[in-house]
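Encoded as structure tokens, the structure appears first; notes follow it.
The values are calculated or read from the model by the stated rules, or taken from the named source; none is laboratory data. Predicted model, so just to flag it, every value in this text is computed and none were measured. Cβ coordinates were reconstructed from backbone atoms using ideal geometry, including for glycine residues, and neighbour counts include every protein chain displayed. Calculation scope for accessible area: heavy atoms of the full protein, side chains included, ligands and nucleic acids excluded. Shrake-Rupley method; radii C 1.70, N 1.55, O 1.52, S 1.80 Å.
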Amino acid sequence: MTGQNPVFIPGPTNIPERLRRAMNIPTSDHRAPDFVNFMQPLLDDLKKVFNTRTGTVITFPGSGTGGWEASVTNTLSPGDKVLIARFGMFSHKWIDLCQRHNLDVEVIECEWGTGAPAERYAEKLKADTNHEIKAVLVTHNETATGVKSDIAAVRQAMDAASHPAMLYVDCVSSLGSMDFRMDEWGVDLAVSGSQKGFMLSTGLAIVGVSEKAMAACETAKCPRCYFDFRIMSNATATGGYPYTPVLPLMSGLRESLDMLLEEGLENVFARHFRIAEGVRQAVKAWGLKLCAVTPDLYSHTVSAIYVPDGFDSDSLTNHAFDKYQISFGVGLGEMAGKAFRIGHLGSMTVTMALSGIATIEMAMKDLGYPIELGSGVAAAQAYYRG
Ligand SMILES: *Cc1c(COP(=O)(O)O)cnc(C)c1O
């Protein structure tokens with residue numbers, strides 16, 4: 001019976017009952033005078049999750065990809081130079097989006113499994129004495145490889161070069177699950193969505209915009225209409241919305257913020273770390289390798305795990321679904337066939353994680369993987385008991 005089991009994909013994530021109920025609302029009128037009472041506190045609480053006092057949070061119907069597009073088109077002009085590192089499928093897709101908007105994209109090619117190379121960003125920025133680079137783009141948590149990058153180090157590289165470019169961060173699979181500091185890290189655009197750390201259905205792009213980025217809208221010439229920051233922020237400032245909002249999702253977002261803030265963001269991050277560490281202990285016990293090349297890069301929301309030579313990760317995830325009705329993340333891009341992923345973010349507990357570890361372990365054993373049945377579960381249990 002599918003639907004009874006949790007998913008172990010890194011988005012969309014499991015939707016807790018409390019949020020399913022919150023999204024089940026009757027039709028209401030977004031032009032009614034009480035909409036402002038709903039919208040303003042929602043945006044204020046979102047700022048707490050982004051960790052910004054000076055920034056603005058903007059939501060659009062859409063998903064993370066729409067957030068990428070909004071951040072680029074509102075603040076840049078065709079031909080503008082942007083600097084971005086490619087080390088996984090999501091950074092790759094963001095590059096593609098920039099290219100299709102006719103930006104001049106300088107790509108720092110990195111091995112998949114590594115993170116944003118602050119020192120290579122620094123080199124490029126130092127060499128750019130004419131300040132042609134308008135934007136520096138970084139994927140905080142590369143969901144394809146389970147790699148977390150050091151955003152503060154990239155900001156430091158920019159500051160060390162006294163470079164005025166803006167910093168754009170994809171935090172779709174980290175916001176609300178891992179430490180994120182928009183103001184402290186000097187992030188100008190922070191892109192997220194509703195279906196990962198916020199534990200909701202897909203359908204909202206959620207973007208943090210710094211004052212500098214908002215000012216850039218005045219001169220940016222990329223065409224935009226639906227995703228216009230100024231139209232949206234002016235409308236919500238006066239209690240409106242420029243078109244019909246996704247009210248069920250906004251209602252869910254209200255409840256999601258309540259859940260995150262009730263648990264406390266620090267506790268949410270600690271829970272994600274603990275669950276992730278148990279998964280990593282299991283991987284070690286199986287004798288398998290994570291795609292993330294060093295421990296400082298380990299993501300606390302998703303683990304990408306290489307299958308042994310001669311095995312196909314797609315067969316494994318298919319088998320887990322067919323036989324046990326549980327979804328795990330497939331290998332994406334360069335990782336296709338080579339790695340599977342365990343998503344462990346959002347509405348996730350130690351008990352749920354143990355069920356996922358136990359199931360993928362059975363699936364691997366069924367397919368003749370050289371692992372000992374129970375070894376991963378035992379390693380995770382030992383960690384979780386400690
Ligand atoms: C999920 C995800 C996205 C956006 O995907 P959508 O399907 O458009 O929401 C972007 N970047 C990262 C790192 C992601 O994990």
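Among the residues of segment 258-275, are any closer than 24 Å to PRO370 by Cβ and in a helix (DSSP H, G or I)? The answer is no; no qualifying residue exists. Within segment 49-59, can one find any residue that is farther than 23 Å from ARG230 by Cβ and surrounded by fewer than 22 Cβ atoms within 10 Å (Cβ to Cβ)? For segment 49-59, residues farther than 23 Å from ARG230 by Cβ and surrounded by fewer than 22 Cβ atoms within 10 Å (Cβ to Cβ): present. Just one of the listed residues (GLY113, GLY79, GLY62) is on the phi > 0 side of the Ramachandran plot, surrounded by fewer than 24 Cβ atoms within 10 Å (Cβ to Cβ) and within 16 Å of the ligand (Cβ to nearest atom), namely GLY62. None of ASN74, ASN24 is touching a Cys at 6+ places or on another chain (Cβ under 6 Å) and not hydroxyl-bearing (Ser, Thr, Tyr) except ASN74. Among the residues of segment 206-222, is there at least one that is open to solvent by 20 Å² or more (accessible area, probe 1.4 Å), within 16 Å of the ligand (Cβ to nearest atom) and in a loop (DSSP other than H, G, I, E, B)? No: zero hits.
For segment 139-160, the set of residues classified as surrounded by fewer than 22 Cβ atoms within 10 Å (Cβ to Cβ) and within 16 Å of the ligand (Cβ to nearest atom) consists of ASP150 only.
Which ones in segment 65-76 are within 15 Å of the ligand (Cβ to nearest atom) and not hydrophobic (A, V, I, L, M, F, W, C)? If the condition is that a residue be within 15 Å of the ligand (Cβ to nearest atom) and not hydrophobic (A, V, I, L, M, F, W, C), then THR65, GLY66, GLY67, GLU69, SER71 are the ones that fit.
Restricting attention to segment 278-335, the residues that are over 30 Å from GLY386 (Cα atoms) and within 20 Å of the chain's Cα centre (by Cα) add up to 6.
When segment 28-39 is limited to residues that are touching a helix residue (DSSP H, G or I) at 6+ places or on another chain (Cβ under 8 Å) and open to solvent by 40 Å² or more (accessible area, probe 1.4 Å), the one that is nearest to ASP96 (Cα to Cα) turns out to be PHE38.
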